[in-house]
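One structure is given below, encoded as structure tokens.
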Amino acid sequence: MSSRILVIDGHPDVAPGRYVHALAEAYRKGAEEAGHQVRSIGVGKLRFASLRSNEEFMKGAPPTAISEAQEDLRWADHVVILFPLWLGSMPGLLKSFLEQLLRPGFAFGAARGKGLPERLLKGRSARIIVTMGMPAFFYRWYYRSHSLKSLERNILAFCGIAPVRSSIVGMVEGMSAAQREKWLEKMRALGRLAR
């Protein structure tokens, strides 16, 4: 069965040599080879301002680039978000993009009574792919994958996106060409499965 997949490349640096870009492309190619429909967003290529107030977040009109990204997300069954770990979390540009993208009325609705807000993005799954310089096991063990869990639970699940799976690619700077190719093949395989 064919899926509609949105690949969000969250690396702020658009230089072609960034490994996140290669992973995103490998996932996209694998998905297309399997007959899935794929749309891609390169966050580093978009032009939008950061939100500066709660009023702007709640009531402001999203910039054109964000409105287009919302249409892509509305279209998708499965979302893939890739980013490098910077200072223990996602890069600021990706966070700013998600703040603009996941607005009230689009990603979540008004709270009902004393309950949580309505989750408007239900029916979608996601995969988060994080690259980092440290070993993946150290990020999981010492840091307890805190930034990954925050994106999964505090942002995506809050909007109704579930299940959310993850891949942590550690020691990126020290990888051999064979290790890099092994991860690219893993991404192609995940793309073929739409997982």
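No lab work stands behind these numbers, since they all come straight from the coordinates. Here the structure is a predicted model, which is why all the values come from computation and not from measurement. Positions of Cβ are generated from backbone atoms using ideal geometry, with glycine treated the same way; all protein chains shown enter the neighbour counts.
Highest first, please rank the peptides 148-155, 110-117 by the mean number of other Cβ atoms sitting within 10 Å of their residues. Present the calculation step by step, with values, prior to reporting the outcome.
Values: 148-155: 16.6, 110-117: 8.4.
Final packing ranking: 148-155, 110-117.
Please report the equivalent ellipsoid semi-axes of region 95-163, computed as sqrt(5 x eigenvalue) of the Cα gyration tensor, largest first, in whole Å.
Three semi-axes, in Å: 27, 13, 11.
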Qualifying lysines (Cα of each under 16 Å from Cα of Lys45; at least 8 residues distant if same chain):
Lys95
Given +1 on the Cβ of Lys and Arg, -1 on the Cβ of Asp and Glu, and no further charges, what dipole in debye does region 15-151 carry about its Cα centre, rounded to the nearest 20?
420 debye
Mean residue ellipticity at 222 nm from the helices of the chain, using -39,500 (n - 2.57) per DSSP H segment of n ≥ 4 over the full residue count, to the nearest 500 deg cm²/dmol?
-10500 deg cm²/dmol
Likely footprinting exposure, Ser145, Ser2, fewest C-beta neighbours within 10 Å first
Ser2, Ser145
To the nearest 10 degrees, the tilt of helix 177-193 (Cα long axis) against the first principal axis of the alpha carbons of the chain is 50 degrees
The chain -> Rg/Rh from Cα coords, Kirkwood Rh, value 0.96
With just the Cα atoms defining each centre, how far is region 126-195 from region 90-120? Give it in Å.
22 Å
